[in-house]
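The values are calculated or read from the model by the stated rules, or taken from the named source; none is laboratory data. Bear in mind that the values here come from a model prediction, so they are computed numbers and not experimental data. Quick reminder, even Gly has a Cβ in these numbers, built from the backbone with ideal geometry, and neighbours come from all protein chains shown. Protein only, heavy atoms only, side chains kept; ligands, DNA and RNA dropped before computing areas. Shrake-Rupley method; radii C 1.70, N 1.55, O 1.52, S 1.80 Å.
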Amino acid sequence: MLLNTPACEVGQQAPTFTLSDPDGKTYSLESLMGEKGLLVAFIYNHCPYVQAVIDRFVADAKLLQADGVNVVAVMSNDYRYVPVDSPTNMKKIAQQHGFPFPYLVDIHWEPPMAKKLRSLSKKWPCPMRPTGSILWQAISLPMNL
C-alpha cells in the first residue's frame, strides 16, 4: 500500500478522452468540464477504501457541483477479471449511493488511452481549472475527504 501520494505536475493538461457509462451514453472531456473545473475520480466497486468513503465522496461531489465544478467517476479496472467492477454492478453502485455524476467505464485496457488515463490516475492532487488542468483524484487509496 502506498503511504505517500505521488505529486502531479502543476498545470498538466488532461488527455482528451471519450468514455461511456454502463448504458452506452458517451461523455468527452469537453462535455464534462464545469464552469470552474472538473474532478475525475478513479473508483472501483471492489475497493475497500472506496466502499468506506463513497457516501462522503458523493456528498462532497454535490457541493462541488453546486459551486460549478463538475464531477465524474471512472472505473478503469479490467472487469473480465474482477466481475464485481462490471458495468452492471457499476449501475447498481451508482443507484445505491445516488451518484449525481456520470460513472464511466474505461474499457481501453490497451494503450494509448488507458496508459494516459491510468498514468494520471496515480498522480494526485492536481489543480482543477476549466482550461483543462484537471484534478485527477484516485480514491482507491486512504484519504480524508
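Take the residues in region 52-96 that are aliphatic (A, V, I, L, M) and touching an Asp or Glu at 6+ places or on another chain (Cβ under 6 Å); name whichever of them is farthest from L29 (Cα to Cα). Checking each candidate, the answer is M75.
Quick grid of which residues meet (1) within 14 Å of the chain's Cα centre (by Cα); (2) of a type in the set (G, A, S); (3) outside any helix (DSSP H, G or I):
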| position | (1), (2), (3) |
| --- | --- |
| A14 | yes, yes, yes |
| L19 | yes, no, yes |
| G24 | no, yes, yes |
| A59 | no, yes, no |
| N70 | yes, no, yes |
| Y81 | no, no, yes |
| M90 | yes, no, no |
| Q95 | no, no, no |
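Flag: P83 does not match the condition of being at negative phi, modelled with pLDDT under 90 and open to solvent by 50 Å² or more (accessible area, probe 1.4 Å).
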